[in-house]
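The values are calculated or read from the model by the stated rules, or taken from the named source; none is laboratory data. For clarity, every value in this text was computed on a predicted model and none was experimentally measured. We place every Cβ from the backbone using ideal geometry, glycine too, and count neighbours over all the protein chains shown. Accessible surface areas use protein heavy atoms only, side chains included; no ligands, DNA or RNA. Shrake-Rupley method; radii C 1.70, N 1.55, O 1.52, S 1.80 Å.
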Amino acid sequence: MNILLAGSGANENSSKLLLDLIIPKYYIDKIYLSEQLDLAKERVISRMRHKTYDYVFLFEMNTATPATDQVTFEVAAKLNEIEYKTNYEYDNLYEFLKQRQFHVKVSEKSVQGIANDLYYEALQMIYKNAQSTKCILISVPEVAQINVMKLAYNIINYFNTPLKVL
């Protein structure tokens, strides 16, 4: 199984902290993304072109509702009136996190900004090339609102992989 994890490289960003906590193994690649869309897209799409991934998880910090501890599965990406839906079957992970006391939500509405554009590009590549890679964007709360270490552990533990979380 090959997994790509990508999130912000900016300090004080909960998606960066989440990635920091995951020690990659030979089947997991991590990418810290720039706030510049072109650079972020190039890094993720280039990696997806050169390696076949079973899963691509894109993480962003939830700035829409910053005072909440909600983890949101973003299932749609839209650009110029063209919309792609995730091909990741998130129901089991949703229930897994919910059983562990996380406030989890599914959003059918596409997010705005860099995260949407990157998610759109990744899904577009998967669909146009008929790849079996499963991709989803997960919005995580601000650091003060959630135990990010617990979230990182539970997301990775869901796959029953021998990852170590600091």
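Any residue at all in the range 64-83 that's in a strand (DSSP E or B), over 13 Å from the mean Cα position of the chain (by Cα), at pLDDT below 85 and crowded, with 17+ Cβ neighbours inside 10 Å? Checked against the condition, which is being in a strand (DSSP E or B), over 13 Å from the mean Cα position of the chain (by Cα), at pLDDT below 85 and crowded, with 17+ Cβ neighbours inside 10 Å, the range 64-83 yields at least one hit. Scanning the range 11-63 for residues that are closer than 26 Å to ALA130 by Cβ and β-branched (Val, Ile, Thr) turns up ILE28, ILE31, VAL44, ILE45, THR52, VAL56. For ASP20, indicate whether it is more than 16 Å from ILE136 (Cβ to Cβ), in contact with a His (Cβ under 7 Å, 6 or more places away or on another chain) and among the acidic types (Asp, Glu). For ASP20, the condition - more than 16 Å from ILE136 (Cβ to Cβ), in contact with a His (Cβ under 7 Å, 6 or more places away or on another chain) and among the acidic types (Asp, Glu) - is not met. Residue count for the range 87-106 satisfying the condition of being among the hydroxyl-bearing types (Ser, Thr, Tyr) and open to solvent by less than 20 Å² (accessible area, probe 1.4 Å): 1. So which residues in the range 118-143 are over 13 Å from THR72 (Cβ atoms), at pLDDT 90 or above and not polar (S, T, N, Q), if there are any at all? Within the range 118-143, LEU118, TYR120, GLU121, ALA122, LEU123, MET125, ILE126, TYR127, LYS128, ALA130, LYS134, CYS135 qualify. The residues listed here are LEU118, LEU79, LEU97, LEU93; of these, the one that is closer than 21 Å to LEU18 by Cβ, of a type in the set (A, V, I, L, M) and touching a Phe, Trp or Tyr at 6+ places or on another chain (Cβ under 7 Å) is LEU93.
Determine whether the range 80-103 contains at least one residue that is touching a helix residue (DSSP H, G or I) at 6+ places or on another chain (Cβ under 7 Å), under 25 Å from ASN2 (Cβ atoms) and of a type in the set (Phe, Trp, Tyr). Within the range 80-103, one or more residues are touching a helix residue (DSSP H, G or I) at 6+ places or on another chain (Cβ under 7 Å), under 25 Å from ASN2 (Cβ atoms) and of a type in the set (Phe, Trp, Tyr).
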